[in-house]
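Right, one structure below, let's go through it.
Every read-out reported here was derived from the displayed coordinates using simple, explicitly stated rules and does not represent laboratory data. Note that this is a predicted model, so its numbers are computed, not measured. Heads up, the Cβs are rebuilt from the backbone with ideal geometry, glycines too, and the neighbour counts pull from every protein chain shown.
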Amino acid sequence: MQEPKFESLTCICGMSAQRQVLVGFAAASVLRRVSYADVLDEDAGRGYQRRFNSAHSLDFRKYIQAEGATTIPLTFNLRPRDDGAWRIRESGNQVFLEIRDGVRALTQVDCQHRLGHLTDLNIELPFMCFVGLRESEEMQIFNVINSKAKGLSPSLLDFHDAQLCEDLASERPELYISIFLKNDPESPWAQQLDLGGTSGKKRRASLRTMQKAVRLFLKKSNVLDQHSVEEAARVVLDFWSAVSVVLPRQWSEPRKHWLNKGVGVYALMEIASDLVKEAKAGTQCDCKYFSAALSDFATDFDWSTNGPLKGLGGEGGATEAVSILRDVRRRKRIKVVSNG
C-alpha cells in the first residue's frame, strides 16, 4: 500500500498565554489549500463563522499584492482528529506540521477573508496555529478576536454566546427567548431569524433585533416577576403566533410589510407588553387572548411598506411606530365604546 504524501510546514512551537501554538511562514496558496472556514449552516446546525464576503476578500487580495503591504499572522486551529490527517514531527530544533495531501486540516479561526481569494498567489504570509482546540474552544477564541470586528453580524456572536453559556435562561433571558422562537417548530419564527451564516431559506428579522425587542418586552411587561423565563418564552411565542394568524397575508409577505422588519418587531413587542399588563387576573396570555386583542385594531391598519410606518428607522422610528399603533388602538377602543 502506497504511503500517503504530506504537505510540510516548518514552524516553531511555543505558547500563546495558556495555549500551545505553532508559528511559521508559508505561501498563501499553500495555506489556502490546507485550510477551510467553518461557516455557520443554520439548517444543518453546523459551523459558527459568518458568511463569506467575496468583495471583502477581493479587497484584501488587491491590497496584499501592493508595494509595502503586510498583515498580522493568519490564525488557524488543528482540531483533534483520529484519521491521521495531520501530525507534528520534531527534528532537532525544528518542528514540522505535516498535513496529508488533499486534506484541509486547518480551520480558519481568523483569516477567512484574507485567504479566500488567494488560491493562486505564492506571497509568503505569517501564520499562528493553535493545537488541539475543540470546536467550542475555537468558537470562544473567534468571539474574542472578532467581538468588535466591523461587518461581523452581532446576531452571529449572540448565537455563539447561546451555545457557550452554561445557564442561558438565567444569564440572558432575552437571548434564551429569542433562540426559543427560532428553534421551536410551533413558532412562526422557526428558522426565520437571521444569524449571519449560510441560509437555506429566506430569513426575516435578525436574532439581534428580536433579542433587543424581547428585552424591551420583559422590561415593560414585568412578566418575569410572576413567571419563569420558560413561561415568558411561551407567552412571546403565543403573541407572535397570534400576529401570524390575525395577519396571515402580511406575515406571508415579509418584504412588503413591516411585521418582520426591525421597527415592526420592536413596536409589536411593546404592544405585547401592553396586552400582558392589561390582562385581568386569571386571564391566560395565550394565542387566543392575543388574537382577540390584535383583531380589534391590527386588521384595519396598513402594515405595508407604503403605510403609516414608511420611512421609520432606528430607535426613534420604533418609538414613533409604537405611538402610531397605540393611537390606532386607542381610537378603535373609543369607537367601540361610543357605538355601544
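Of all DSSP beta bridges located in the range 6-146, what percent are antiparallel, nearest 5?
Counting only bridges with both partners in the range 6-146, antiparallel ones make up about 80 percent.
Quick one: Debye curve from the alpha-carbon atoms of the chain only, equal weights, vacuum; give me log10 I(q)/I(0) at q = 0.09, 0.11, 0.14 Å⁻¹ to two decimals.
Debye intensities relative to I(0), on a log10 scale: -0.62, -0.80, -1.06.
Going by Cα centres, the range 292-328 and the range 41-98 are how many Å apart?
After rounding, the separation between the Cα centres reads 47 Å.
Only bridges with both residues in the chain count here: give the DSSP antiparallel percent, nearest 5.
So the antiparallel bridges in the chain amount to around 75 percent.
With the dipole of the chain worked out from charges on the C-beta (+1 for Lys and Arg, -1 for Asp and Glu) around the Cα centre, which of Gln211, Gly92, Ile12 lies farthest toward the positive end?
Most positive-ward Cα: Gln211.
For the range 1-86, what does the equivalent ellipsoid look like in terms of its semi-axes, each the square root of 5 times an eigenvalue of the Cα gyration tensor, given largest first in whole Å?
Square roots of five times the eigenvalues give 24, 21, 16 Å.
Across all directions of projection, what mean area in square nanometres is found for the Cα convex hull of the range 281-329?
4.4
Just rank Arg79, Arg330, fewest to most, by other beta-carbon atoms within 10 angstrom.
Arg330, Arg79
With the Cα gyration tensor of the range 229-340 in hand, convert its eigenvalues to equivalent ellipsoid semi-axes via √(5λ) and list them largest first in whole Å.
After scaling each eigenvalue by five and taking roots: 21, 18, 14 Å.
Rank by packing, highest mean first: peptides 258-267, 227-236, 298-307, with packing defined as the count of other Cβ atoms within 10 Å averaged across residues.
258-267, 227-236, 298-307
Taking the range 6-146, how much of its Cα-Cα pair set, in percent, is spaced more than 22 angstrom apart?
So the portion of pairs separated by more than 22 Å is 37 percent.
Before rounding to the nearest 500, sum -39500 (n - 2.57) across all DSSP H runs of length at least 4 in the chain and divide by the residue total; then give [θ] at 222 nm in deg cm²/dmol.
Calculated from helices alone, the mean residue ellipticity at 222 nm is -13500 deg cm²/dmol.
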